[in-house]
Amino acid sequence: MAHERPHEREPLLPKMSKKSDSLHASNNDDIQGHVENGSAVDVQSSNDPSNTENSTRLHRALSVRQISMIALAGTIGTGLFLGTGRTLAAAGPGTMLICFSINGFIVYITLLLLGEMATQYPVAGSFTSYATRFIDDGYGFALTWNYWFNDAVSVASDLTAAQLLVAFWDSKVPGWAISLLILVFLLSANAIHVKVYGELEYWLSSIKIVTVIIFLITGAIVNTGVNRDHKYIGFVNWGIGDAPFVGGVTGWATALVTSAMSYGGTESLAITAGETRDPSRSIPRIVRVVFWRILIFYTLTCFIIGLNVPYTYPNLSTKSAATSPFTIVFSMAGSNIAASAMNTVILTSVVSAGNHALFAGTRILYSLAKTSQAPPIFARTSKSGVPWLALLATASGSALCFASSHVGSGQLWYWLQNLVGVSNQLAWLSIGLASLRFRRAWQVQGNSLNDLLFHPKWTTLWGPYFVIIAVLAIWGVQTYSVVTPHFAFIDFLSLYLQLPVFIVLYLGWKLWYRSKFIDLKTVDLTVDQYVPDEETQKLIDAEEKKRQQRKQGWTGIGWRLYYWIA
């Protein structure tokens, strides 16, 4: 006998009218709702006196200023600042640059596909809502729990990274004490009020952006000869030892999973854009921002690191220690004070990443509880609107970081990175599957893809297939690296632990509720569909006219290429 599905009693995600005035959030001084990492949440205005009487409502208190900065830099963290060191040590500068570029391209195509769906259906939810809508509700259920798992483990990963950074000054300080101190700080910041989280994350994100820009400039200067040795470096480090390609298949696998972890959370940008007044204009703009962010913050950073830091640098990445390439480059510039200051800044970035993951995971668990897909106790909130039980449950994953006393901080961080990296890859794969089925449903029901509000035409024939095949190919490389020449059980477990959990959740849902795959011929393509109002349509027409004008003349060649790519 099939049981009643939770979202038959209560919708998984709030419905949106066909008019855009139901999602104005980003055009107001005070955001009237917030979705982090795509979780649908039940919110209530912070100035509503009834909040104190409602124990299962969140408060709406994040400003446009805070959300914009969080969207731009909220996901930049340990993967970039420390993960590049691990990748360089294991794979060399050439492999690192190529793998970050490969994953960057996969992420960009994934964002285009997600942006296409989010523009057409800008619901207050994440890519998991599109998996539920176009694949199977059981798949969406398992995927949402996977995303919560991702955030919970990310907190532990960031706390472990903090241990490695503090060891730069004093390796005798107990790692567990550092993690515990930061964890208490993060819990306090998240438990007080959402405004505290927003303001803290705003300033920490600002610091990260400035840090990357200063690093790129400093790295370029150091490479030209302004360093301790007063020598031009150039591409010398690309020719030492086995460089630029080190470690064979294992090196490639390490670089692929680490860079995947670094890009984690990027997909949340399209969802933030989906809550503006005009998704048809804002989402393409956000996707272009992601393109430049990938190019500057990741690819160019990897190039500068590979030029200046040899992959043989002591303690770049070992079982017991790891040093940030950012700190090394500033040390090469001739100033230990500057290197120490950079390490401090990176430590604040790690705290920011942990803060971001803890907040996101808390809201995901809260949304699962509100839709009866998790125990209802996690939907309880404090008087200040904080889901404190969901907060504690998400923070419980950080207990993993205390295992560093037994296996070493470097080794533990390596395993946690694997878990987060593969979880991110599963998210990309799911977006590709959802996009493939969405496009098929759109065409099966007699529509043209050109009629979509946002459709990157150059991905029409291959976009979803590319993302799916690319992720499966990466999994193949990663699997090969841990089964040959000898089977490394712990490494294999750290890579794929969440996949059998995902399968169990998915099959458990299907068996319990007897759910079936969504019928593409009958799936409703009109519900939640975005239709601009008259004023917005005028802005869209004006933008299109300007776009056509830009394509004229010699300069139009460059604009045509730009619009074709972005």
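The values are calculated or read from the model by the stated rules, or taken from the named source; none is laboratory data. Small disclaimer: the values here were computed from a predicted structure and weren't measured. Positions of Cβ are backbone-derived with ideal geometry, glycine not excepted, and every protein chain shown enters the neighbour counts. To get the accessible areas, we keep the full protein, side chains included, count just its heavy atoms, and leave off ligands, DNA and RNA. Shrake-Rupley method; radii C 1.70, N 1.55, O 1.52, S 1.80 Å.
List the pairs whose first member sits in region 86-97 and is at negative phi, whose second member is of a type in the set (S, T, N, Q) and surrounded by fewer than 24 Cβ atoms within 10 Å (Cβ to Cβ), and whose Cβ atoms are under 7 Å apart, counting only residues at least 6 apart or on separate chains?
93/237
Taking the conditions exactly as written (among the hydrophobic types (A, V, I, L, M, F, W, C), more than 28 Å from residue 501 (Cβ to Cβ), modelled with pLDDT of 90 or more and part of a helix (DSSP H, G or I)), does residue 152 satisfy them or not?
Working: among the hydrophobic types (A, V, I, L, M, F, W, C): yes; more than 28 Å from residue 501 (Cβ to Cβ): no; modelled with pLDDT of 90 or more: yes; part of a helix (DSSP H, G or I): yes.
Taking the combined requirement at face value, the residue does not satisfy it.
For residue 211, are the conditions met, namely being open to solvent by less than 30 Å² (accessible area, probe 1.4 Å) and modelled with pLDDT of 90 or more?
Judged against the criteria, residue 211 is not a match.
I'd like to check something: does region 180-201 contain any residue that is at pLDDT 85 or above, under 22 Å from residue 388 (Cα atoms) and either charged (D, E, K, R) or touching a Lys or Arg at 6+ places or on another chain (Cβ under 9 Å) (or both)?
Initial filter on region 180-201 (at pLDDT 85 or above): 180-188.
When the remaining residues are screened for being under 22 Å from residue 388 (Cα atoms), the result is 180-188.
Checking the rest, the ones that are also either charged (D, E, K, R) or touching a Lys or Arg at 6+ places or on another chain (Cβ under 9 Å) (or both) come to none.
No, region 180-201 contains no residue that is at pLDDT 85 or above, under 22 Å from residue 388 (Cα atoms) and either charged (D, E, K, R) or touching a Lys or Arg at 6+ places or on another chain (Cβ under 9 Å) (or both).
The rows are residues; the columns are (1) at pLDDT below 90; (2) open to solvent by 10 Å² or more (accessible area, probe 1.4 Å).
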| position | (1), (2) |
| --- | --- |
| 57 | yes, yes |
| 62 | yes, no |
| 78 | yes, no |
| 81 | yes, no |
| 94 | no, no |
| 97 | no, yes |
| 109 | no, no |
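Could you identify the single residue in 306, 274, 265 that is farther than 20 Å from residue 95 by Cα, at pLDDT 70 or above and either surrounded by 22 or more Cβ atoms within 10 Å (Cβ to Cβ) or in contact with an Asp or Glu (Cβ under 6 Å, 6 or more places away or on another chain) (or both)? Talk me through it step by step, then tell me what you get.
Details: 306 fails: farther than 20 Å from residue 95 by Cα; 274 fails: at pLDDT 70 or above.
Going through 306, 274, 265 in turn, the sole match is 265.
Output the residues belonging to region 370-385 that are within 29 Å of residue 142 (Cβ to Cβ), small (Gly, Ala, Ser) and either touching a His at 6+ places or on another chain (Cβ under 9 Å) or at pLDDT below 85 (or both).
Applying the first criterion (within 29 Å of residue 142 (Cβ to Cβ)) to region 370-385 yields 370-381, 385.
Among the residues that remain, those that are also small (Gly, Ala, Ser) are: 372, 374, 379, 385.
Once the filter is applied, which keeps residues that are within 29 Å of residue 142 (Cβ to Cβ), small (Gly, Ala, Ser) and either touching a His at 6+ places or on another chain (Cβ under 9 Å) or at pLDDT below 85 (or both), region 370-385 yields 372, 385.
Please tell me if residue 367 is within 30 Å of residue 512 (Cα to Cα) and either open to solvent by 10 Å² or more (accessible area, probe 1.4 Å) or modelled with pLDDT of 90 or more (or both). Break it down into steps so the answer makes sense when it comes.
Numbers: within 30 Å of residue 512 (Cα to Cα): yes; either open to solvent by 10 Å² or more (accessible area, probe 1.4 Å) or modelled with pLDDT of 90 or more (or both): yes.
When the stated conditions are applied, residue 367 passes them.
Do we find that residue 113 is touching a residue at least 12 places away in the same chain (Cβ under 8 Å) and either of a type outside the set (Ser, Thr, Tyr) or closer than 30 Å to residue 338 by Cα (or both) in this structure?
Values: touching a residue at least 12 places away in the same chain (Cβ under 8 Å): yes; either of a type outside the set (Ser, Thr, Tyr) or closer than 30 Å to residue 338 by Cα (or both): yes.
It is true that residue 113 is touching a residue at least 12 places away in the same chain (Cβ under 8 Å) and either of a type outside the set (Ser, Thr, Tyr) or closer than 30 Å to residue 338 by Cα (or both).
For region 208-265, enumerate the residues that are in a helix (DSSP H, G or I) and without any contact (Cβ under 8 Å) to a residue 24 or more places away in the chain. I'd like the intermediate steps shown before the answer.
Our first condition is that a residue be in a helix (DSSP H, G or I); within region 208-265, this holds for 208-223, 236-238, 248-262.
The answer is 210, 213, 214, 217, 236, 248.
Which of (1) open to solvent by 10 Å² or more (accessible area, probe 1.4 Å); (2) assigned to a helix (DSSP H, G or I); (3) in contact with an Asp or Glu (Cβ under 7 Å, 6 or more places away or on another chain); (4) more than 28 Å from residue 254 (Cβ to Cβ) is the odd one out, the single condition residue 356 does not satisfy?
That leaves (4) as the condition not met.
Test residue 188 against the stated conditions and say whether it is among the polar types (S, T, N, Q) and either part of a loop (DSSP other than H, G, I, E, B) or surrounded by 16 or more Cβ atoms within 10 Å (Cβ to Cβ) (or both).
Details: among the polar types (S, T, N, Q): yes; either part of a loop (DSSP other than H, G, I, E, B) or surrounded by 16 or more Cβ atoms within 10 Å (Cβ to Cβ) (or both): no.
It is false that residue 188 is among the polar types (S, T, N, Q) and either part of a loop (DSSP other than H, G, I, E, B) or surrounded by 16 or more Cβ atoms within 10 Å (Cβ to Cβ) (or both).
Tell me the helices (runs of 4 or more DSSP H) entirely within region 404-497 that contain at least 3 residues that are of a type in the set (Phe, Trp, Tyr) and open to solvent by less than 50 Å² (accessible area, probe 1.4 Å). Please lay out each step first, then the result.
Values: elements: 404-407, 409-444, 463-483, 489-496.
Once the helices (runs of 4 or more DSSP H) in region 404-497 are filtered for at least 3 residues that are of a type in the set (Phe, Trp, Tyr) and open to solvent by less than 50 Å² (accessible area, probe 1.4 Å), what remains is 409-444.
Being more than 25 Å from residue 263 (Cα to Cα), in a helix (DSSP H, G or I), open to solvent by 10 Å² or more (accessible area, probe 1.4 Å) and of a type outside the set (S, T, N, Q) narrows it down to one of 330, 378, so name that one.
Values: 330 fails: more than 25 Å from residue 263 (Cα to Cα).
Answer to the check: 378.
Applying the selection to region 525-537, what residues are in a loop (DSSP other than H, G, I, E, B) and either more than 15 Å from residue 132 (Cα to Cα) or over 29 Å from the mean Cα position of the chain (by Cα) (or both)?
Of the residues in region 525-537, the ones in a loop (DSSP other than H, G, I, E, B) are 525-530, 532-533.
Scanning region 525-537 gives 526, 529, 530, 532, 533.
Considering 559, 554, which residue is in contact with a helix residue (DSSP H, G or I) (Cβ under 7 Å, 6 or more places away or on another chain) and open to solvent by 50 Å² or more (accessible area, probe 1.4 Å)? Talk me through it step by step, then tell me what you get.
Details: 554 fails: in contact with a helix residue (DSSP H, G or I) (Cβ under 7 Å, 6 or more places away or on another chain).
The conditions single out 559.
Can you tell me which residues in region 309-327 are open to solvent by less than 10 Å² (accessible area, probe 1.4 Å), more than 20 Å from residue 244 (Cβ to Cβ) and of a type in the set (Val, Ile, Thr)? Spell out the reasoning first.
So in region 309-327, the residues open to solvent by less than 10 Å² (accessible area, probe 1.4 Å) come out as 309, 316, 324-327.
Among the residues that remain, those that are also more than 20 Å from residue 244 (Cβ to Cβ) are: 324, 326-327.
Result: 327, single match.
Return a yes/no flag: does region 508-525 have any residue that is touching a residue at least 60 places away in the same chain (Cβ under 8 Å), touching a strand residue (DSSP E or B) at 6+ places or on another chain (Cβ under 9 Å) and surrounded by fewer than 18 Cβ atoms within 10 Å (Cβ to Cβ).
no
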